[in-house]
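J.: Next up is a structure, given as C-alpha cells.
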Amino acid sequence: MDLAGLIRIIDPTLSTPTLAEFEKAWKVSWVPKGKILARQGDPVSSELVILDGRAISQITDYDGRNVCVGFHSSPCIITPHVARTREMTSLVSLELTTDATIAELDAAALVAVMLKSDEVRDWANAVLREELARKTDREWCLAALRGAERLTWFRDRYPDHESQFSHGCIASFLGMTPVTLSRLRRTA
C-alpha cells in the first residue's frame, strides 16, 4: 500500500490537496530485516509508518529480558512519537522482523503541519485515539483474562500474527512464558 492509501484509511475525508501536501513531507525508504528503528533509552525524533513489512516494539527490563509490547504489520502507523517517548527519548525499541518499506517524518515537522492544517491535526488525533484504544484493550486483557482467554483474545484481534511473529514475542506480549503459550496452543 502507498502512503496516501494508508493516510486515507485513518481519515477518508482528508481533502486531496491536503493529502498531497502531507504525503510530500514524508521520506520513504527500504530498510533491511533486523534494523533497529528506535532503541530504548536513545534519542528519537521520528514518526514512522510501515508500508510493507513487520516490526515489534519491545521494552528491555533491568535484567536484560525483552518484553514485546506491540506488533506492527503493514500497512500500519507505528505508535505515535508522543506515546512512545519521554523528553525525546525512546521508551521502547522498534525492530524490523522483515525487510520493510517505511515512511518517516520528523515529529516536530508533523506538529508544524498540524498547527497549519485542521485536517492533518484531526488525522493525527485519530491515529492517537486508535493507539490509545489498542493499548487500553491489551491492558484490560492482561488484567482481566486468564491464559487461555488471553490467547483467544489475541487470535480474535490479531488473526494473522501467530504465523507472522515469533512464539517468544507473542508469549511476552500476552504476559506468559513461552512454555505456557505452547501448552495453551496444544489444548486450544
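Read the figures in this text as sums done on the coordinates, not as results from a lab. Nothing here was measured: the structure is a model prediction, and the numbers come from that model. All Cβ positions, even for glycine, are placed from backbone atoms using ideal geometry, and neighbour counts span all protein chains on display.
J.: Among the residues of the range 75-88, are any surrounded by fewer than 19 Cβ atoms within 10 Å (Cβ to Cβ), touching a helix residue (DSSP H, G or I) at 6+ places or on another chain (Cβ under 7 Å) and over 28 Å from ALA171 (Cα atoms)?
T.: No, the range 75-88 contains no residue that is surrounded by fewer than 19 Cβ atoms within 10 Å (Cβ to Cβ), touching a helix residue (DSSP H, G or I) at 6+ places or on another chain (Cβ under 7 Å) and over 28 Å from ALA171 (Cα atoms).
J.: As an exercise: evaluate PHE71 against (1) over 27 Å from ALA171 (Cβ atoms); (2) touching a helix residue (DSSP H, G or I) at 6+ places or on another chain (Cβ under 6 Å); (3) not small (Gly, Ala, Ser) and give the number of the one condition it does not meet.
T.: Looking at each condition in turn, PHE71 falls short on (1).
J.: Considering only residues of the range 74-101 that are part of a loop (DSSP other than H, G, I, E, B) and without any contact (Cβ under 8 Å) to a residue 60 or more places away in the chain, which is farthest from PRO159 (Cα to Cα)?
T.: Across the range 74-101, the extreme among qualifying residues is GLU87.
J.: Which members of the range 102-134 meet the condition of being assigned to a strand (DSSP E or B) and exposed (fewer than 13 other Cβ atoms within 10 Å of the Cβ)?
T.: Those that are assigned to a strand (DSSP E or B) and exposed (fewer than 13 other Cβ atoms within 10 Å of the Cβ): none in the range 102-134.
J.: I need the full set of residues from the range 5-26 which are under 18 Å from the mean Cα position of the chain (by Cα) and outside any loop (DSSP other than H, G, I, E, B), in order please.
T.: Result: GLY5, LEU6, ILE7, ARG8, ILE9, ILE10.
J.: To continue, here is another question. Which of the residues belonging to the range 135-156 are more than 29 Å from ILE7 (Cα to Cα), basic (Lys, Arg) and in a helix (DSSP H, G or I)?
T.: Within the range 135-156, ARG150 is the sole residue that qualifies.
J.: From the residues in the range 31-62 that are under 10 Å from ALA100 (Cβ atoms) and in contact with a His (Cβ under 7 Å, 6 or more places away or on another chain), which one is surrounded by the fewest Cβ atoms within 10 Å (Cβ to Cβ)?
T.: If we take residues in the range 31-62 being under 10 Å from ALA100 (Cβ atoms) and in contact with a His (Cβ under 7 Å, 6 or more places away or on another chain), then ARG54 is surrounded by the fewest Cβ atoms within 10 Å (Cβ to Cβ).
J.: Does GLY175 fit the bill of being closer than 16 Å to SER57 by Cα and either in contact with a Ser or Thr (Cβ under 7 Å, 6 or more places away or on another chain) or not in a loop (DSSP other than H, G, I, E, B) (or both)?
T.: no
J.: Turning to a different aspect of this structure: List every residue pair whose Cβ atoms sit under 7 Å apart, with the two residues 6 or more apart in sequence or on different chains, where the first one lies in the range 10-25 and is on the phi < 0 side of the Ramachandran plot and the second, anywhere, is crowded, with 17+ Cβ neighbours inside 10 Å and outside any helix (DSSP H, G or I).
T.: THR18/SER117; ALA25/LEU105
J.: Give me the pairs: first residue in the range 104-129 and touching a residue at least 40 places away in the same chain (Cβ under 8 Å) and of a type in the set (S, T, N, Q), second residue outside any strand (DSSP E or B) and surrounded by 13 or more Cβ atoms within 10 Å (Cβ to Cβ), beta-carbon distance under 7 Å, and six or more apart or on different chains, which are they?
T.: Pairs found: SER117/THR18.
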